[in-house]
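Participant: Have a look at this one before I ask anything.
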Amino acid sequence: MSSEDSESTSPRPAQPTAPSRRTFIKSTSTVGGALVTGALVGGTASFGTALAAPAGPAESVEVTLAVNGRRHTTTIDTRTSLLDLLREKLELPGTKKGCNAGACGACTVLVDGKRMNSCLIFAVRLEGAEVTTIEGLADGDELHPLQQAFIDQDAFQCGYCTPGQIMSGIGCLREGHTRSPEEIREWMSGNICRCGCYVKIVRAVEQTADGK
């Protein structure tokens with residue numbers, strides 16, 4: 001018998017099979033759970049890292065600021081954002097909570113005349129500041145010119161982003177970034193309208209800038 005025949009008839013060692021996705025996940029979950037359980041029982045996390053200490057009690061402070069021309073003094077948690085102070089403590093719900101991460105502009109207000117995302121500002125940092133929200137724009141029954149322009153141009157649909165759009169638009173007007181539709185779009189780009197009313201929003205800002 002040739003060497004080729006002997007090689008073809010001799011039993012071959014079994015090849016290890018690759019674990020299935022389900023088997024892999026199950027095994028790693030089991031091992032991971034054991035590590036975490038052991039860490040909790042032993043009082044330390046895996047790899048010798050100490051477990052995080054429990055958070056201490058929240059600290060409260062008193063802050064005074066003017067909102068829409070009215071002085072407010074209130075005691076708040078130091079972690080309170082300006083947005084939450086306005087909505088929950090001062091009962092001014094016109095400023096909307098959108099992403100709560102500074103990415104959509106729905107919470108835009110004016111702080112000392114400058115537009116800012118109120119969800120990103122700790123209220124304790126605004127001692128003595130002047131804050132203007134959408135509720136503070138109208139003079140009685142007379143709307144702010146940009147508010148009226150939004151109505152004239154039909155620059156909203158659901159209206160959720162409208163307060164932030166208007167406040168940002170006022171900031172844009174004050175900053176002088178209204179020389180062209182392209183410039184307005186650039187300087188209003190931080191405010192998202194999920195209904196897609198951007199063309200009409202730009203027209204409303206243009207109308208106000210032209211004093212029409």
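The values are calculated or read from the model by the stated rules, or taken from the named source; none is laboratory data. Keep in mind it's a predicted model, so treat the numbers as computed, not measured. Every residue, glycine among them, receives a Cβ derived from its backbone with ideal geometry; neighbour counts consider all protein chains shown. Remember, those area values only see protein heavy atoms, side chains included, never the ligands or the DNA or RNA. Shrake-Rupley method; radii C 1.70, N 1.55, O 1.52, S 1.80 Å.
Participant: Do we find that C104 is open to solvent by less than 30 Å² (accessible area, probe 1.4 Å), out of contact with any helix residue (DSSP H, G or I) (no Cβ under 6 Å at 6 or more places or on another chain), modelled with pLDDT of 95 or more and not in a helix (DSSP H, G or I) in this structure?
Facilitator: Yes; evaluated as a whole, the condition is true for this residue.
Participant: Can I ask one more? Given the structure, is T178 out of contact with any helix residue (DSSP H, G or I) (no Cβ under 7 Å at 6 or more places or on another chain) and of a type in the set (S, T, N, Q)?
Facilitator: no
Participant: Moving on to the next point. Quickly run through segment 58-105 and pick out the residues that are aliphatic (A, V, I, L, M) and in contact (Cβ under 8 Å) with a residue 24 or more places away in the chain.
Facilitator: Those that are aliphatic (A, V, I, L, M) and in contact (Cβ under 8 Å) with a residue 24 or more places away in the chain: V61, V63, L65, A66, V67, I76, L82, L83, L85, L86, L92, A103.
Participant: Look through segment 158-176, keep the residues that are without any contact (Cβ under 8 Å) to a residue 60 or more places away in the chain and farther than 24 Å from A101 by Cβ, and return whichever of them is surrounded by the most Cβ atoms within 10 Å (Cβ to Cβ).
Facilitator: L173
Participant: Considering only residues that are loosely packed, with under 14 Cβ neighbours inside 10 Å, under 25 Å from V61 (Cα atoms) and either without any contact (Cβ under 8 Å) to a residue 60 or more places away in the chain or touching a Lys or Arg at 6+ places or on another chain (Cβ under 7 Å) (or both), which ones fall in segment 115-138?
Facilitator: The one that is loosely packed, with under 14 Cβ neighbours inside 10 Å, under 25 Å from V61 (Cα atoms) and either without any contact (Cβ under 8 Å) to a residue 60 or more places away in the chain or touching a Lys or Arg at 6+ places or on another chain (Cβ under 7 Å) (or both): R125.
Participant: Now for a different question. Could you look through segment 139-157, keep only residues that are within 26 Å of H72 (Cβ to Cβ) and out of contact with any helix residue (DSSP H, G or I) (no Cβ under 7 Å at 6 or more places or on another chain), and pick out the one that is least open to solvent (accessible area, probe 1.4 Å)?
Facilitator: Filtering first and then ranking leaves H144.
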